[in-house]
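The values are calculated or read from the model by the stated rules, or taken from the named source; none is laboratory data. A quick note: this is a predicted structure, and the numbers were derived from the prediction, not measured. With ideal geometry, Cβ positions are generated from the backbone for all residues, glycine too; neighbour counts draw on all protein chains shown. When the accessible area is computed, the model is the full protein with side chains, heavy atoms only, and any ligands, DNA or RNA have been set aside. Shrake-Rupley method; radii C 1.70, N 1.55, O 1.52, S 1.80 Å.
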Amino acid sequence: ILGLIIEKVSKQSFEKYIKTNILEPLEMDNTFFGYPNSTNDNIANPNRLIFGFATNHSHNPRLSRNFYPVGGLYSSAEDMGKYLNAVLYKDKRLLSENGFDQIFKIDKNERTNHGEFGWVRNYGKSEFFYHAGQFEGVESNMLIIPSEKIGLVVLSNTSGGNYATNRINSLINGPGEILLGYEPPSNFILIENIIFWTVCIIPIIFVYLIGKMLFRKREQQKRKSNLNFIIPILIFVILAFLFIIYIPRQNAIYISGLLNYMPDVGYLFVVTTVLSLTWAI
């Protein structure tokens, strides 16, 4: 919607407006939107992490123009450095000083760390702002410390859930904390790793239990009551629903998106769902 507003007010395409008002004034010569420019030989090949191993992701999606106000911008670390420098020193070629002040305006009474225009304030004891992005096979993060006039950017041609994101975040937040005199944060998040490896183990347990059920003696298969028959079916149908619909939806993603962004987790969810329904049947 915001991209459409820019087009209506400026009477030109969103990408042309960005090029004319941001990229050209800052001489960001290696920054552009999507095709046909994305066939450039200098573009890094995207990769996805599957169980911690990088695999080449040759699929280079032709993004719809509707996506451009959200992302899909190709750039280099040098060009992004020019942009961060312009923001830190309030370059008037981009905005007025008041405009820049609005970017990092945060209502101290609100229980949120989001600024008015997408920058996120660090949750910790140090004061800096950052914003991250992710697409199939790529991730990025940029950070600025206004008080110290320091800007950092990390562009990675790898994506893949916690394995990649935590490493990218540590590359950006670690130096940020060090420059402010603090100990760098760990990129190991215990609860996320427990959840991930639990999801990995569940299909193995299912296969073992299904095999055990199929090969046990016939007299042991006799059910004592209807509850002994109905309750397990309900449990595994509900489990299948949780993995294929509920958990992805709670994280604002469909299972198809999960297969693209975090293929290992996505395939584990699919396998667990199939095994759950198989066991129920």
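Just a yes or no: is a residue in region 137-147 modelled with pLDDT under 85 and open to solvent by 80 Å² or more (accessible area, probe 1.4 Å)? Yes - at least one qualifying residue is present in region 137-147.
Scanning region 13-49 for residues that are out of contact with any strand residue (DSSP E or B) (no Cβ under 9 Å at 6 or more places or on another chain), at pLDDT 80 or above and not charged (D, E, K, R) yields a total of 8.
Scan region 235-267 for residues that are aromatic (F, W, Y) and either within 22 Å of A280 (Cα to Cα) or modelled with pLDDT of 80 or more (or both) and jot them down.
First, pick out the residues of region 235-267 that are aromatic (F, W, Y): 236, 241, 243, 246, 254, 261, 267.
Of everything in region 235-267, those that are aromatic (F, W, Y) and either within 22 Å of A280 (Cα to Cα) or modelled with pLDDT of 80 or more (or both) turn out to be F236, F241, F243, Y246, Y254, Y267.
What are the pairs, 6+ residues apart or on separate chains, where a residue within region 1-17 that is touching a residue at least 12 places away in the same chain (Cβ under 8 Å) has its Cβ under 6 Å from a residue that is open to solvent by less than 100 Å² (accessible area, probe 1.4 Å) and of a type in the set (D, E)? Listed pairs, sorted by first residue: F14/E7. Taken over region 165-190, the criterion of being of a type in the set (A, V, I, L, M, F, W, C), open to solvent by 60 Å² or more (accessible area, probe 1.4 Å) and modelled with pLDDT of 70 or more is satisfied by L171, I178, L179, L190. N122 meets the conditions (1) open to solvent by less than 80 Å² (accessible area, probe 1.4 Å); (2) closer than 28 Å to P25 by Cβ; (3) in contact with a helix residue (DSSP H, G or I) (Cβ under 8 Å, 6 or more places away or on another chain); (4) at pLDDT below 75 in every case but one. The failed one is (2).
Looking only at region 63-106, which residues are at pLDDT below 90, part of a helix (DSSP H, G or I) and open to solvent by 60 Å² or more (accessible area, probe 1.4 Å)? Result: R65, N66, F67, E97, N98, D101, Q102.
Can you pull out every residue in region 22-37 that is in a helix (DSSP H, G or I) and open to solvent by 60 Å² or more (accessible area, probe 1.4 Å)? Even if it seems obvious, please write down each step before you answer.
Going residue by residue through region 22-37, those that are in a helix (DSSP H, G or I) are 22-23, 37.
N37, the sole residue that qualifies.
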